[in-house]
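Colleague: Next up is a structure, given as structure tokens.
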Amino acid sequence: MSSTTTAPRSSVPQAFKLRVRRYDPESGQAAYWDEHEIELEGHRSVLEGILQAKNRFDGSIGIRCSCRQAICGSCGVRINGEPALACHTHLDEAIKSAKDGVIEIEPMGNMPVIKDLIVDMDAVHWKKVRRVTPWLIAKQPVPEREYIVDRESMVDVTQTMACIQCGACVSDCLAMEVDPGFIGPAALAKAYRFVGDPRDDARHVRLNDLSQDPQGIYDCTHCFKCVEACPKDVNPMGQIMRLRRIAGSDEQIVDVNNGHRHEEAFTTLIRDYGLLHEAELLPRSYGGDSWFGKFHPAAGKELLSSLPAIVKAVVKGKVSPTKAIFGHKIAKRDLDSVKRIYERVEGKPQRYELNLYIVGEDE
Amino acid sequence: MKVAYWPGCVSRGFTPELHGSMAKVAPLLDIELVELDRGNCCGAGVIAEHNQELADTLNARTFALAQQVEGAELMMNICSTCQGAQTECQERLDANAQYRAHVNETLSSDGLTYEKGLTNKNFLWLLVEEIGLDTLASKVRRPLTNLKVGPFYGCYIVRPRNRLGIDDEHPRDHYMERLIEALGGTVIEYAGMRKCCGFPIITMNKDASLKQAGTHLGDAMDAEADCLVTPCPLCHLNLDLQQPLAAKVVARKLEMPVLHLPQLVGLALGLDPKDLGLSRHVVKPTSVIDWSTSVVASAA
């Protein structure tokens, strides 16, 4: 929803229709829509539009705002269904995605409404941020002068430090939509800010905590909604994936949620088959990363509960019993080539990770 | 047109009707499929979670194989997840020459090299951008008249927009609606059409995963869709294979057939529902089969 228009803009005020979602929980009345016609130049913001409607027509419209320049994070709303900062969205941009020529403005999702466009950030967002111990636990002994850290690691955490706590990613999180207890994108991006900081002394403790929590890093559904929602390019989902990589591959944390086992089983199966062997992935994710994983009680329990679906799939001819048991493989010479890739990459003393945020595009 | 065809793993594993229906539909659209049977799994984002360089190198291997297919105009996939996971790896490989050289060094012992700039398009994108919806419409023999179809995209093919090349000129996150209309069907819009099916967390949080699938299926039923159509076989697993379990989680009766994209196209092109593997679904697409039977009967 950010503005990238290159076409010349008119400096003449024009009319825009706004449809604002109104709700006052204390009134005991249901939510309703209000429409107002405002008059402003196209390059002015949706926030200015809302404020004009408030000043001219209805002083009771509830909106939270402060800086008006996309840095305080106060005016997060949904514009035409998408999360955005009202002050960072031009009216002439917003009108393009309006379904019926009216710019629709709603409060953010996944958080209770206090009034109209104001949501309760304390009840959800800040509570989750506090959950991840959002401060540096300094390595001891503290040096007499500055900590010396390499540039790359600080540039890396700068991406998460760009977060202005607007809640746009929380608003759009699809995991939180079905599991409100999920720690969520903003708080987990904040967690990476410290996990990725070489001065922090609690990396393992933090990662273990966030891995073992059933609503921690492995509860993210990988839907990219937060990546799209963020007005500051924090890439919360990317940070969650980093947390998973460091927790699993570097810190070898085996969690109770099958997160690490699933990832290990998937990776091993591709090394051994070249293609995904779906029927092996499920029991190994529960029972452990080997052919014997399926005999673990946890895998047995899961297989049993999935039995109706498996039987139905076999009966329908969706999958043949042979394929279910033996999977499918690429030819031996190709499998050898895949194995060589594994040996070379996994055989390195340290994992290498290209971070385009740090190095940028060179061509 | 000749394409280097990447079917992915699941279309040859737990959703064989997808691979089968693509093979049936391709000749009708003059698409020559050169299957990349030497290629490997895209990693579905999971290998990247384990080791990013490993995922990038594995996909560079498949890309290099695709570039060796003589006369192929591009690489085509039939899986939203492959599209998203491969595009993410390609973004890194294309952005940095030094990194690309580093990855190619690993591939060199097999005589493979990935050259920057591969075009990799999902069948959906290829239909709209290469074949064109007008040409497709001209080939329709059994228009989807009165069939109400709800699109289900899958996250990996609609987000993030920049990486996937979605913009005003290429509104790829609206192609399914255009396609359904071009085939003569009625588009059903519903809340979950661009949301997550829940599959990525099925082994970590089964309840939340099936709640996602069940909610979207229920929304589509409330919107009175006859069926859903998806370009993603992993979404298909959660929406079709797991539908009976999802119904229990959301505590409502669910009866929503889910078609793979080539199956829907094949129906409109006049193919027999059985040949397209519609009988292989867990949720029998009765509404779709009844519809096609009635169309054939009325034509006779």
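Colleague: Cβ-Cβ distance below 8 Å, separation of 6 or more or different chains: which pairs start in segment B:236-265 with a residue that is over 22 Å from B:VAL140 (Cβ atoms) and within 13 Å of chain A (Cβ to nearest Cβ) and end on one that is among the polar types (S, T, N, Q) and in a strand (DSSP E or B)?
Modeller: Close Cβ pairs (under 8 Å, with a partner that is among the polar types (S, T, N, Q) and in a strand (DSSP E or B)) amount to B:HIS236/B:THR230; B:LEU239/B:THR230.
Colleague: Any chance you could count how many residues in segment B:18-46 are within 14 Å of chain A (Cβ to nearest Cβ), touching a Phe, Trp or Tyr at 6+ places or on another chain (Cβ under 9 Å) and among the aliphatic types (A, V, I, L, M)?
Modeller: Result for segment B:18-46: 3.
Colleague: Any residue at all in segment B:47-61 that's under 28 Å from B:CYS197 (Cα atoms), in contact (Cβ under 8 Å) with a residue 12 or more places away in the chain and away from chain A (no Cβ under 14 Å)?
Modeller: No, the conditions are met nowhere in segment B:47-61.
Colleague: Next up: Considering A:ASN235, A:ASN257, which residue is at the interface with chain B (Cβ under 8 Å from one of its Cβ atoms), touching a helix residue (DSSP H, G or I) at 6+ places or on another chain (Cβ under 9 Å) and within 28 Å of A:LYS190 (Cα to Cα)? Before the answer, list the steps.
Modeller: On the way: A:ASN235 fails: at the interface with chain B (Cβ under 8 Å from one of its Cβ atoms).
On inspection, the qualifying residue turns out to be A:ASN257.
Colleague: Let me ask something additional. Spot the failing condition for B:SER11; the list is (1) more than 10 Å from chain A (Cβ to nearest Cβ); (2) surrounded by fewer than 21 Cβ atoms within 10 Å (Cβ to Cβ); (3) at pLDDT below 95, and only one is missed.
Modeller: (2)
Colleague: Show the residue pairs that are 6+ apart or on different chains and have beta-carbon atoms under 8 Å apart, the first residue being within segment B:76-92 and within 12 Å of chain A (Cβ to nearest Cβ), the second being of a type in the set (Ser, Thr, Tyr) and part of a strand (DSSP E or B).
Modeller: B:SER80/B:THR230
Colleague: Can you name every residue in segment B:4-50 that is assigned to a strand (DSSP E or B) and among the charged types (D, E, K, R)? Let's see the steps before the verdict.
Modeller: As a first pass, look at segment B:4-50 and keep what is assigned to a strand (DSSP E or B): B:4-6, B:32-35.
Of everything in segment B:4-50, those that are assigned to a strand (DSSP E or B) and among the charged types (D, E, K, R) turn out to be B:GLU32, B:GLU35.
Colleague: While we're on this one: Quickly run through segment A:307-327 and pick out the residues that are under 14 Å from A:GLU280 (Cα atoms) and within 8 Å of chain B (Cβ to nearest Cβ).
Modeller: The answer is A:VAL319, A:LYS323, A:GLY327.
Colleague: Shifting gears a bit: Sort through B:GLU129, B:GLU105 and tell me the only one that's free of Cβ contacts under 8 Å to residues at least 12 places away in the same chain and either of a type in the set (Asp, Glu) or outside any helix (DSSP H, G or I) (or both). Break it down into steps so the answer makes sense when it comes.
Modeller: Values: B:GLU129 fails: free of Cβ contacts under 8 Å to residues at least 12 places away in the same chain.
Testing whether each residue is free of Cβ contacts under 8 Å to residues at least 12 places away in the same chain and either of a type in the set (Asp, Glu) or outside any helix (DSSP H, G or I) (or both) leaves just B:GLU105.
Colleague: Go through segment B:65-105 and give me each residue that's touching a helix residue (DSSP H, G or I) at 6+ places or on another chain (Cβ under 6 Å) and among the small types (Gly, Ala, Ser).
Modeller: Listed by number, the residues that qualify are B:SER80, B:GLY84, B:ALA95.
Colleague: Looking only at segment A:1-30, how many residues end up being modelled with pLDDT under 90, closer than 17 Å to A:SER97 by Cβ and not hydrophobic (A, V, I, L, M, F, W, C)? Let's see the steps before the verdict.
Modeller: So the first thing to find is which residues in segment A:1-30 are modelled with pLDDT under 90, and the list is A:1-11.
Now restrict to residues that are closer than 17 Å to A:SER97 by Cβ: A:1-5, A:7.
Narrowing the set further to residues that are not hydrophobic (A, V, I, L, M, F, W, C) leaves A:2-5.
Of the residues in segment A:1-30, 4 are modelled with pLDDT under 90, closer than 17 Å to A:SER97 by Cβ and not hydrophobic (A, V, I, L, M, F, W, C).
Colleague: Of everything in segment A:196-219, what is charged (D, E, K, R) and more than 18 Å from the chain's Cα centre (by Cα)? Give them in sequence order. I'd like the intermediate steps shown before the answer.
Modeller: Here is the first cut: in segment A:196-219, the ones charged (D, E, K, R) are A:197, A:199-201, A:203, A:206, A:209, A:213, A:219.
Within segment A:196-219, A:ASP197, A:ARG199, A:ASP200, A:ASP201, A:ARG203, A:ARG206, A:ASP209 meet the criteria.
Colleague: Go through the residues of segment A:79-86 one by one and say whether even a single one is closer than 17 Å to A:CYS230 by Cα, hydrophobic (A, V, I, L, M, F, W, C) and touching a Leu at 6+ places or on another chain (Cβ under 7 Å). Show your work before the answer.
Modeller: Kept after step one, since they are closer than 17 Å to A:CYS230 by Cα, are these residues of segment A:79-86: A:79-86.
Next, only the ones that are hydrophobic (A, V, I, L, M, F, W, C) stay: A:79, A:84-86.
Within this subset, residues satisfying the condition of being touching a Leu at 6+ places or on another chain (Cβ under 7 Å) are A:86.
Yes.
Colleague: Next up: Inside segment B:250-276, can you point out the residues that are surrounded by fewer than 21 Cβ atoms within 10 Å (Cβ to Cβ) and either in a helix (DSSP H, G or I) or out of contact with any helix residue (DSSP H, G or I) (no Cβ under 7 Å at 6 or more places or on another chain) (or both)?
Modeller: Scanning segment B:250-276 gives B:ALA251, B:GLU255, B:GLY270, B:ASP272, B:LYS274.
Colleague: Do you know which residues across segment B:108-126 are within 14 Å of chain A (Cβ to nearest Cβ) and either in contact (Cβ under 8 Å) with a residue 12 or more places away in the chain or touching a Gly at 6+ places or on another chain (Cβ under 9 Å) (or both)? Break it down into steps so the answer makes sense when it comes.
Modeller: As a first pass, look at segment B:108-126 and keep what is within 14 Å of chain A (Cβ to nearest Cβ): B:108-117.
Passing the criteria: B:ASP110, B:LEU112, B:THR113, B:TYR114, B:GLU115, B:LYS116, B:GLY117.
Colleague: Another question, if that's okay. So the check is Cβ under 7 Å with 6+ separation or different chains; which pairs have a first residue in segment A:175-186 that's at the interface with chain B (Cβ under 8 Å from one of its Cβ atoms) and a second one that's of a type in the set (Phe, Trp, Tyr) and assigned to a loop (DSSP other than H, G, I, E, B)?
Modeller: Every condition considered, the pairs that remain are A:ALA175/A:PHE182.
Colleague: Out of A:GLU361, A:GLU280, A:GLU353, which single residue is in contact (Cβ under 8 Å) with a residue 60 or more places away in the chain and not assigned by TED's automatic domain parsing to the domain that holds A:ASP209? Walk me through it before giving the result.
Modeller: Numbers: A:GLU361 fails: in contact (Cβ under 8 Å) with a residue 60 or more places away in the chain; A:GLU280 fails: in contact (Cβ under 8 Å) with a residue 60 or more places away in the chain.
Exactly one of A:GLU361, A:GLU280, A:GLU353 is in contact (Cβ under 8 Å) with a residue 60 or more places away in the chain and not assigned by TED's automatic domain parsing to the domain that holds A:ASP209, namely A:GLU353.
Colleague: For segment A:45-63, which residues satisfy the criterion of being assigned to a loop (DSSP other than H, G, I, E, B) and crowded, with 19+ Cβ neighbours inside 10 Å? Full working, then the answer.
Modeller: Narrowing segment A:45-63 to residues assigned to a loop (DSSP other than H, G, I, E, B): A:57-63.
Within segment A:45-63, A:ILE61, A:ILE63 meet the criteria.
Colleague: Does B:ILE166 satisfy the condition of being without any contact (Cβ under 8 Å) to a residue 40 or more places away in the chain and within 21 Å of B:GLN86 (Cβ to Cβ)? Step through it out loud before you land on a result.
Modeller: Details: without any contact (Cβ under 8 Å) to a residue 40 or more places away in the chain: yes; within 21 Å of B:GLN86 (Cβ to Cβ): yes.
Yes.
Colleague: Mind listing whichever residues of segment A:113-123 are touching a residue at least 40 places away in the same chain (Cβ under 8 Å) and surrounded by fewer than 24 Cβ atoms within 10 Å (Cβ to Cβ)?
Modeller: A:VAL113, A:ILE114, A:LYS115, A:ILE118, A:MET121
Table: residues versus (1) in contact with a Cys (Cβ under 6 Å, 6 or more places away or on another chain); (2) buried (at least 20 other Cβ atoms within 10 Å of the Cβ); (3) not polar (S, T, N, Q).
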residue	(1), (2), (3)
A:GLU82	no, no, yes
A:CYS87	yes, yes, yes
A:SER97	no, no, no
A:ARG130	no, no, yes
A:VAL149	no, no, yes
A:THR160	no, yes, no
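Colleague: Would you say A:VAL256 is surrounded by fewer than 20 Cβ atoms within 10 Å (Cβ to Cβ) and either assigned to a loop (DSSP other than H, G, I, E, B) or outside the structural domain of A:GLN165 (by TED's automatic domain parsing) (or both)?
Modeller: Working: surrounded by fewer than 20 Cβ atoms within 10 Å (Cβ to Cβ): yes; either assigned to a loop (DSSP other than H, G, I, E, B) or outside the structural domain of A:GLN165 (by TED's automatic domain parsing) (or both): yes.
Yes.
So that you can scan it fast, the table gives a plain yes or no per residue for (1) part of a loop (DSSP other than H, G, I, E, B); (2) at pLDDT below 90:
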site	(1), (2)
A:LYS318	yes, yes
A:LYS323	no, yes
A:ASP334	no, no
A:LYS339	no, no
A:ARG344	no, no
A:GLN350	yes, no
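The values are calculated or read from the model by the stated rules, or taken from the named source; none is laboratory data. Note that the coordinates shown come from a computational prediction; the quantities given were computed from them, not determined experimentally. Neighbour counts are summed over all protein chains in view; Cβ atoms, including those assigned to glycine, are modelled from backbone coordinates with ideal geometry.
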